[in-house]
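**Q** I have a structure here, written as structure tokens, and I will follow up with some questions on it.
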Amino acid sequence: MPARRRDPAGELRAELRDRHEDGHHLHHLLWRLDPSLRVCSSAVLGGGIGPRAWLLNAQVPGGYPRLDPDRHLAEIAAAEGLTGPGAGLMTAADVAAYTTGHDGGVTATVTTGLGVRGWAAAPESATHAPHRPGTVNIVVTLPTALSDAALVNAVATATEAKVQALLDAGLDCSGTPTDAVCVAGPEPGPDGGEPFAGPRSTWGARIARAVHTAVLAGARTAR
């Protein structure tokens with residue numbers, strides 16, 4: 001397996017990969033994780049909280065026809081030679097146009113598809129419309145262990161920062177119906193990890209700023 005890629009500050013970086021499917025030239029982002037990392041995510045493949053060996057954020061064509069995205073992501077992972085448990089996200093956005101934000105050791109990597117944007121609290125009639133995988137996908141990596149509660153809090157903080165960035169970009173929405181978030185950090189030791197990751201905690205504030213930077217950059221180019 002290739003070495004895990006890190007930037008000069010030691011932060012884990014994604015690899016931009018490409019593939020061909022059914023006549024489409026597509027990209028995906030790949031993170032090869034250290035064994036000591038665990039992930040909290042809403043990913044369609046490997047969601048939840050637990051150790052993960054890899055993360056994928058895979059581009060699919062508009063009008064995506066498959067009804068088994070988890071199996072599709074597993075096929076992409078197998079083609080990359082990935083083994084062990086992983087988490088996979090999917091989007092119709094141009095993955096090669098991903099944006100990043102960095103703050104105090106936190107890295108946020110975002111793909112921004114806003115073709116099906118709207119507000120989370122929508123009328124019931126809006127919830128029955130078919131949803132294409134346009135999707136704002138957020139992957140956050142950080143070097144400090146968080147408790148279970150703080151991991152969940154980190155997902156909420158990242159989501160708050162996403163909405164702030166969309167509003168700052170002049171968009172009248174809170175996101176898309178299929179947005180997903182992954183937060184990856186070390187397994188906590190005997191101390192249980194950092195107990196807080198809200199936006200006014202040390203690590204939550206860093207997560208918020210990194211996500212805001214990445215989503216704002218992506219929203220400004222995806223409009």
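**Q** Kindly establish whether G204 is buried (at least 24 other Cβ atoms within 10 Å of the Cβ) and touching a Lys or Arg at 6+ places or on another chain (Cβ under 8 Å).
**A** No, not satisfied.
**Q** Within the range 106-116, is even one residue surrounded by 14 or more Cβ atoms within 10 Å (Cβ to Cβ) and more than 19 Å from T176 (Cβ to Cβ)?
**A** Scanning the range 106-116 turns up at least one residue that is surrounded by 14 or more Cβ atoms within 10 Å (Cβ to Cβ) and more than 19 Å from T176 (Cβ to Cβ).
**Q** Being assigned to a helix (DSSP H, G or I), at pLDDT 95 or above, touching a strand residue (DSSP E or B) at 6+ places or on another chain (Cβ under 6 Å) and surrounded by 17 or more Cβ atoms within 10 Å (Cβ to Cβ) is true for just one of L82, L73. Which residue is that?
**A** The conditions single out L73.
**Q** Restricted to the range 207-223, and to residues that are out of contact with any helix residue (DSSP H, G or I) (no Cβ under 6 Å at 6 or more places or on another chain) and open to solvent by 20 Å² or more (accessible area, probe 1.4 Å), which residue is modelled with the lowest pLDDT?
**A** Among them, the one singled out is R223.
**Q** Confirm whether H25 is open to solvent by 40 Å² or more (accessible area, probe 1.4 Å) and either of a type in the set (S, T, N, Q) or under 18 Å from G113 (Cβ atoms) (or both).
**A** yes
**Q** Among residues belonging to the range 157-178 that are surrounded by fewer than 22 Cβ atoms within 10 Å (Cβ to Cβ) and within 13 Å of the chain's Cα centre (by Cα), point out the one that is farthest from R209 (Cα to Cα).
**A** Per the criteria, the residue is T178.
**Q** Separate question: Only one of (1) free of Cβ contacts under 8 Å to residues at least 40 places away in the same chain; (2) part of a helix (DSSP H, G or I) is not met by H212, so which one is it?
**A** Only one criterion in (1) free of Cβ contacts under 8 Å to residues at least 40 places away in the same chain; (2) part of a helix (DSSP H, G or I) is unmet by H212, namely (1).
**Q** Further question on the same structure: Residues in the range 34-52: is at least one hydrophobic (A, V, I, L, M, F, W, C), within 15 Å of the chain's Cα centre (by Cα), under 26 Å from R117 (Cβ atoms) and surrounded by fewer than 23 Cβ atoms within 10 Å (Cβ to Cβ)?
**A** Among the residues of the range 34-52, at least one is hydrophobic (A, V, I, L, M, F, W, C), within 15 Å of the chain's Cα centre (by Cα), under 26 Å from R117 (Cβ atoms) and surrounded by fewer than 23 Cβ atoms within 10 Å (Cβ to Cβ), which makes the answer yes.
**Q** Might you let me know whether the range 77-92 holds any residue that is free of Cβ contacts under 8 Å to residues at least 60 places away in the same chain, on the phi > 0 side of the Ramachandran plot and in contact with a Gly (Cβ under 7 Å, 6 or more places away or on another chain)?
**A** no
**Q** In addition: Give me the pairs, please: first residue somewhere in the range 147-158 and within 13 Å of I49 (Cα to Cα) and among the charged types (D, E, K, R), second residue anywhere and at pLDDT 95 or above and open to solvent by 10 Å² or more (accessible area, probe 1.4 Å), beta-carbon distance under 7 Å, and either six or more positions apart or on two chains.
**A** That search, which allows pairs on different chains as well, returns D148/I49.
**Q** Search the range 11-27 for residues that are without any contact (Cβ under 8 Å) to a residue 60 or more places away in the chain and farther than 17 Å from I138 by Cα and pair each with any residue that is surrounded by 12 or more Cβ atoms within 10 Å (Cβ to Cβ) and basic (K, R) when their beta-carbon atoms are under 9 Å apart and the residues are at least 6 apart or on different chains.
**A** Pairs that qualify, where the first residue is without any contact (Cβ under 8 Å) to a residue 60 or more places away in the chain and farther than 17 Å from I138 by Cα and the partner is surrounded by 12 or more Cβ atoms within 10 Å (Cβ to Cβ) and basic (K, R), are H25/R19.
**Q** Moving to a separate point now. Right, L114: at pLDDT below 95, in a loop (DSSP other than H, G, I, E, B), over 25 Å from T202 (Cβ atoms) and of a type outside the set (S, T, Y) or not?
**A** Considered against the rule, which asks whether it is at pLDDT below 95, in a loop (DSSP other than H, G, I, E, B), over 25 Å from T202 (Cβ atoms) and of a type outside the set (S, T, Y), L114 comes out as yes.
The values are calculated or read from the model by the stated rules, or taken from the named source; none is laboratory data. In this text the structure is predicted, and so the values were computed from the model without any measurement. In this analysis, Cβ positions are derived from the backbone assuming ideal geometry, glycine residues included, and neighbour counts consider all displayed protein chains. For accessibility, only protein heavy atoms count, side chains too; no ligands or nucleic acids. Shrake-Rupley method; radii C 1.70, N 1.55, O 1.52, S 1.80 Å.
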